[in-house]
Every structure is written in structure tokens, then in C-alpha cells.
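Engineer: Dropping the structure in here first, questions after.
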């Protein structure tokens, strides 16, 4: 894109810029305070002191979608809540990532009926799926580390 | 005699023709009443000294399809002073089911009747604000009726996963 053309000779600098940007994005990714159901309890306990998430940069959870980069969909999404979740996702500025935490967010979980959205990826694009009902804090941390690896492998042009 | 039996006898004495039957099962007493005098019986149960059923613990809708009368609503009353439970049950037929509202007698009945309307379609005449409470406001149908489809998605096994995957609406961005 524009940056690589301008600094074409300094190929080394471009790559390092990408790595620096991705390191910054992965190092301080702020999740949105979006717990919906039982998985939110596990998300809270992951954020608490025993399984600390702030050592991964997620020191705080922002209450406003305008100030957050990560949407952890923790819990089952009902058909009534689905447009609200979509609106929250739309209000987040780029770059943004989504983790579908738990079985209900990944595939509808044990609730295969009229009221629950069968997998939140019907509504928003998901980067990492975490299985479990609810997933233990270690599994959520594994999911975030997987997301960090994905972020480090991204290109700047992905988000322009 | 116990408080519940006392209460039942007093209600029966006051409203002799409205009580259809009294059922006693494992310590729980149920009064099956006609819907015409439901509000009076409940007001009597709440206001009379000695009965004092001042709390409506729960209100539940029932669907007995395909038997007639199809719907029933059961009110669980509880007296905080005496510690007695009583259940009042009302039947209503399947086409155009309606019952008088109890939100004037106990205010908690307001939201519980909204839930029963939402899930079963039983209209409560005189209710101040009868609209959907659990489902989205533009939903059609009443899901907890026995003839409402489950609405489930086909389970994906290895032999049909590609077919289901193609038809599933995934969000692109």
C-alpha cells in the first residue's frame, strides 16, 4: 500500500513497522464489558486476580464500545439481543476482533431452539472460537493468546 | 384444623358455586374455580383476616392440548403471616382464551400476565399494558403452546456438515 511504496528501499523498516504496530495492538487490547450469561462469570474470574488477564494487556474492560478493540461474546445470544450485539459491534472502531467464548456463542450450545441464535457468527464475524460450557479461565487465556498470535501475523493492509 | 383447610372452608362458605373442586395432593391444596368470580375470590383471600394471602408467589400458564379446556392458569398464593400456601387454578377454552386480570389485586401479576400472554396467548382483560416481555416485540406466535414448532437447527454430523454449512447465514463483516 502507500507505506510500502514510499519506503520501498527500506524494506527492513516496513516489516519492523508492521511488527511494531501488531505488537502494540496485541499488547494492549481492551475488551468490551459484554458478558451475557454464565460465560461472563468465567470471564470475570479470568479478569480477577487469580487468573489475571491484565498481564496480557487487558487491564480493564471498557464499558463503551467506542473505546474497546475486542468483543468477547460471553454467553448465549437470544434473538432479542442479537440486533443489540450487532449495534455494539458496529460501534467499535477498527481494528477490532471478536472472540466467541463458550459453546453458546460458537454454535448455539445446548440450546437448539427458536430463541437462541445458533452461533454468534450468524451476526458478527468471529476470529477465535473457544469451546467449553463454560470454558475455564485457562481456556479463555489460551484463546486470547491464540488471538494475539493471529494479530501478530496480520498485515497493516488488513485494517486500512 | 390447619390454616389452609380453614382458608379453603371459609372461601367455600363465601363462594359456594364458584368452586369447582378442591384437590389435595401431598400437602398442597388446589382450588379449581370459575373464571367469572376469580377476582372476587382472590380479593377475599387477600383481604380477609385469618386468610391474609398477601403474596402472589407465582403465576403459571398451562397448555393441555389436545384436551379441552385447553389452557389453565394457576396462581400460587402465600400468606406471609400464617405461612400457608394455596393454589388457585382456572381453566379456559382453547379458541380465544381470556381471563380477568389480577394486577389490581396483586401488582406482581402485571408482569407475570405479560409473560403468560407472550408465551401462551391468553388475553387478560383489564390489563393496563399487555405486550410482549420476553420475546422481541414483533415476534408472531406464542412459543410455549404445544403446537408451536421447536425451531431447532439441524444437527451437523460429518455426513451433512457441508450442506448445512453452505446454507447457514454467516456474517461477512
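Engineer: How many angstrom lie between the Cα centre of segment B:50-69 and the Cα centre of segment B:1-29?
Structural biologist: Computed from Cα coordinates, the inter-centre distance equals 15 Å.
Engineer: Please report the relative contact order for segment A:30-153, taking Cα pairs under 8 Å with a sequence separation of at least 6, and give it as a percent rounded to a whole number.
Structural biologist: 26 percent.
Engineer: Okay, moving on. Can you sort B:75, A:94 so the residue with the fewest Cβ neighbours within 10 Å comes first?
Structural biologist: A:94, B:75
Engineer: Would you calculate, for chain B, the mean residue ellipticity at 222 nm contributed by helices, counting each DSSP H stretch of 4 or more residues as -39,500 (n - 2.57) and dividing by all residues, to the nearest 500?
Structural biologist: About -7000 deg cm²/dmol.
Engineer: Return the whole-Å distance between the Cα centroid of segment A:96-160 and the Cα centroid of segment B:109-173.
Structural biologist: Using only Cα atoms to place each centre, the spacing works out to 25 Å.
Engineer: Between residue A:23 and residue B:134, take the C-beta separation as r, use R0 = 45 Å, and let me know the FRET efficiency to the nearest 0.05.
Structural biologist: The value I calculate is 0.50.
Engineer: So in chain A, what percent of DSSP beta bridges are antiparallel if you round to the nearest 5? Numbers along the way, then the final one.
Structural biologist: Details: 1 of 12 bridges.
So the antiparallel bridges in chain A amount to around 10 percent.
Engineer: For chain B, what relative contact order do you get, as a whole percent, if you take Cα pairs closer than 8 Å and at least 6 residues apart?
Structural biologist: Relative contact order for chain B comes out at 16 percent.
Engineer: Please state, to two decimals, what the Cα-based radius of gyration of segment B:48-173 comes to when divided by 2.2 N^0.38 Å (N = residues).
Structural biologist: 1.45
Engineer: Please report the antiparallel percentage of the DSSP beta bridges confined to the protein assembly as shown, to the nearest 5. Walk me through the numbers on the way to the answer.
Structural biologist: Details: 23 of 41 bridges.
Among the beta bridges of the protein assembly as shown, antiparallel pairing accounts for roughly 55 percent.
Engineer: Going by alpha carbons, how many degrees (0 to 90, nearest 10) lie between the helix axis of B:109-120 and the longest principal axis of chain B?
Structural biologist: Once rounded, one gets 40 degrees.
Engineer: Could you tell me how many degrees, from 0 to 90 and to the nearest 10, lie between the Cα long axis of helix A:82-91 and the main elongation axis, the longest principal axis, of the Cα atoms of chain A?
Structural biologist: 20
Engineer: To continue, here is another question. Would you mind ranking B:53, A:111, B:44, B:157 so that the residue whose beta carbon has the fewest other beta carbons within 10 Å leads the list?
Structural biologist: B:157, A:111, B:44, B:53
Engineer: Would you mind getting me the FRET efficiency between residue A:52 and residue B:165? Use the beta-carbon distance for r and R0 = 35 Å, nearest 0.05.
Structural biologist: 0.40
Engineer: Report relative contact order for segment B:1-51 in percent, whole number only (criteria: Cα-Cα under 8 Å, sequence separation at least 6).
Structural biologist: 34 percent.
Engineer: Determine the calculated [θ] at 222 nm for chain A from helices alone, applying -39500 (n - 2.57) to every DSSP H run no shorter than 4 residues and normalising by the residue count; nearest 500 deg cm²/dmol.
Structural biologist: -11500 deg cm²/dmol
No lab work stands behind these numbers, since they all come straight from the coordinates. Bear in mind the structure is a predicted one, so any value in this text is a computation, not a measurement. Every residue, glycine among them, receives a Cβ derived from its backbone with ideal geometry; neighbour counts consider all protein chains shown.
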